[in-house]
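Reviewing the structure listed below.
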Amino acid sequence: MRLAYLIILIIIPLIGLYILADRYFIWEGEITYQTDFQDKKAVLSRLLPEGRVQIQENRVRILQEPVYVDVRMREKFKNASVDMAFSPENTPNIIKLGPQIGPDFQYDLKPVYSRTLEETLVNPEWGNIQEDGEILFFRKKSDNANINITDFKKNLPDQNKLAVFNIKLENPFKIEAYRAEKDIKKTSLELRGSHEIEFYAKNEMVSITFDYQDINRLEGEDPVNLLLFKGSNLLSNQQSEDDGISSVINKASPIKTVSLERFFEEGIYTLKISTTEDIIIRNIKTNLSRWGIKSRIYLANNSEYKNLLPDLNLSATQLWTNGKFFRARTTHASGIQEVQIHNQTFPISQTHQFLSHEYLGKDDWIPITIPKNDLYLETNGLYFFDPLVAFNPNPLEINEFVETIPDSVDYILAKYTPAQRTNESTWHLNAEFAVKNAWVQDQKLRFLFSIPRIEEQKAAFGISNFKIRLSQ
């Protein structure tokens, strides 16, 4: 009896130590944590901010974005594998997830869920083949019995028949009847903050110059970075320093200039102008024959800024675009207006609220008239200030704006891992992330959920279990 008592005294603490060790120490180079987000764990936080989620009996529903979860990291890890159990009911169109990779709002986000692709997977009009993490969807109306992804990439169809998701195509876009320009043309822009220019060049010297001013309405420095990309490859990075004024003085600094001049082989390039919203880009001077503003544009020629920039032209802005889905926001009463998208009216009726519009016409190029500007405008295409420089380098990209596949599209090429359908009420998402160079602060690694348009779509993302495996 005494011996049994001693054994119990020894064994029970050992079992407790083993449980704690299994929970907090790393065995064989990896460790797994999981939560239902109902309660705060020692190693996993709840979804934060809590005001953007709703706790139900068996799941936590994300209603607004972004939200994040903090993961306690006592060791360095190279990879993270995430498994989420969720409800497929009333899901948003796109869900992105990724680790923080730098201070402030720097995250390496990847799309982990697409409602459009999930619906296409079970649509009887579509077939699909899957190879090495990629999916090729094809309409069954044509003979695709012997199709494979490798051969398909080598011989792509007309881009009007193709849509893509989370994938970059290597086949070079070409304009056969292209003619390079030598003369420099000036285009007045009046753009606020960061923008991206996408352009086509063909074995030519290209000059691109921006004039800009710092309006000093926000705290902090305002450097301007020019980052040049071809596909995902960074070709150059140059910086123009701040004007030396980091406080709020509500006075514009003199005009400064930043330029890029170099020889370009044939291809599509992206020039990212990375800066703060204190910077107003006044114009662009370039000899480019084909160029446009990519995806997002923030027009600043409005009476709101006239006292800072007396020479500001308050005329309506005329744009052209190949986009079909639009999201817009103004932050000042002077930006309330009616935007004309071809023959349709897009009312901007309130401030500080994203409003959406879908163009239902069949035109390839759509004129847009913005009477008062002061508008942040997103689309799934390019914006052009002159229809003569317009071009369409990309097939349709399936993103948060695209909820249905156009009839003209016969193929969808996607880098995507389909959800695992456990039953009608529970699906699973799986995703892999590199976290070797992630931003870890106070031994915490933050993962962000970005769910564009979740409120506009009156959708929700209900998670019943979140599991993360960290490996070295």
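The values are calculated or read from the model by the stated rules, or taken from the named source; none is laboratory data. From a predicted model like this one, the values you see are computed outputs, not experimental measurements. Methodologically, a virtual Cβ is constructed for each residue, glycine included, from the backbone with ideal geometry; neighbour enumeration extends over all protein chains shown.
Restricting attention to region 50-76, the residues that are at pLDDT 95 or above and either of a type in the set (Phe, Trp, Tyr) or over 15 Å from Phe461 (Cα atoms) (or both) total 3.
Could you pull out every one of the strands (runs of 3 or more DSSP E) wholly within region 142-238 that has 3 or more residues that are within 22 Å of Ser274 (Cβ to Cβ) and touching a Leu at 6+ places or on another chain (Cβ under 9 Å)?
On the way: elements: 162-165, 185-192, 195-201, 204-214, 224-230.
Per the criteria, 185-192, 195-201, 204-214, 224-230.
Determine whether region 57-75 contains at least one residue that is of a type in the set (Ser, Thr, Tyr), in contact with a Lys or Arg (Cβ under 7 Å, 6 or more places away or on another chain) and not in a helix (DSSP H, G or I). So far as region 57-75 goes, yes, one or more of its residues are of a type in the set (Ser, Thr, Tyr), in contact with a Lys or Arg (Cβ under 7 Å, 6 or more places away or on another chain) and not in a helix (DSSP H, G or I). From the list Ile454, Ile463, the one residue that fits, being outside any strand (DSSP E or B) and hydrophobic (A, V, I, L, M, F, W, C), is Ile454. If I filter region 439-452 for residues that are among the hydroxyl-bearing types (Ser, Thr, Tyr) and under 18 Å from the mean Cα position of the chain (by Cα), do I get at least one hit? Among the residues of region 439-452, at least one is among the hydroxyl-bearing types (Ser, Thr, Tyr) and under 18 Å from the mean Cα position of the chain (by Cα), which makes the answer yes.
For Ala414, state whether it is within 30 Å of Ile468 (Cα to Cα), hydrophobic (A, V, I, L, M, F, W, C) and surrounded by fewer than 20 Cβ atoms within 10 Å (Cβ to Cβ).
Numbers: within 30 Å of Ile468 (Cα to Cα): yes; hydrophobic (A, V, I, L, M, F, W, C): yes; surrounded by fewer than 20 Cβ atoms within 10 Å (Cβ to Cβ): no.
Against the criterion (within 30 Å of Ile468 (Cα to Cα), hydrophobic (A, V, I, L, M, F, W, C) and surrounded by fewer than 20 Cβ atoms within 10 Å (Cβ to Cβ)), Ala414 does not qualify.
Consider Thr91 carefully, then state whether it is modelled with pLDDT of 95 or more and in a loop (DSSP other than H, G, I, E, B). Walk me through it before giving the result.
On the way: modelled with pLDDT of 95 or more: yes; in a loop (DSSP other than H, G, I, E, B): yes.
Yes; evaluated as a whole, the condition is true for this residue.
For Arg262, the criteria (1) in a loop (DSSP other than H, G, I, E, B); (2) surrounded by fewer than 18 Cβ atoms within 10 Å (Cβ to Cβ) hold in every case but one, which is (1). Of the residues in region 259-269, none is at pLDDT 95 or above and among the β-branched types (Val, Ile, Thr).
Just one of the listed residues (Ala438, Ala419, Ala434) is within 27 Å of Glu30 (Cβ to Cβ), surrounded by fewer than 16 Cβ atoms within 10 Å (Cβ to Cβ) and modelled with pLDDT of 90 or more, and it is Ala434.
So for region 334-348 (the condition being of a type outside the set (Val, Ile, Thr), part of a loop (DSSP other than H, G, I, E, B) and at pLDDT 95 or above), does at least one residue qualify? No. Val402 passes every criterion in (1) outside the structural domain of Pro452 (by TED's automatic domain parsing); (2) over 16 Å from the mean Cα position of the chain (by Cα); (3) not in a strand (DSSP E or B) apart from (2).
Criterion first (charged (D, E, K, R), under 25 Å from Phe354 (Cα atoms) and either surrounded by 13 or more Cβ atoms within 10 Å (Cβ to Cβ) or in contact with a strand residue (DSSP E or B) (Cβ under 7 Å, 6 or more places away or on another chain) (or both)) does Arg52 satisfy it?
Details: charged (D, E, K, R): yes; under 25 Å from Phe354 (Cα atoms): yes; either surrounded by 13 or more Cβ atoms within 10 Å (Cβ to Cβ) or in contact with a strand residue (DSSP E or B) (Cβ under 7 Å, 6 or more places away or on another chain) (or both): yes.
It is true that Arg52 is charged (D, E, K, R), under 25 Å from Phe354 (Cα atoms) and either surrounded by 13 or more Cβ atoms within 10 Å (Cβ to Cβ) or in contact with a strand residue (DSSP E or B) (Cβ under 7 Å, 6 or more places away or on another chain) (or both).
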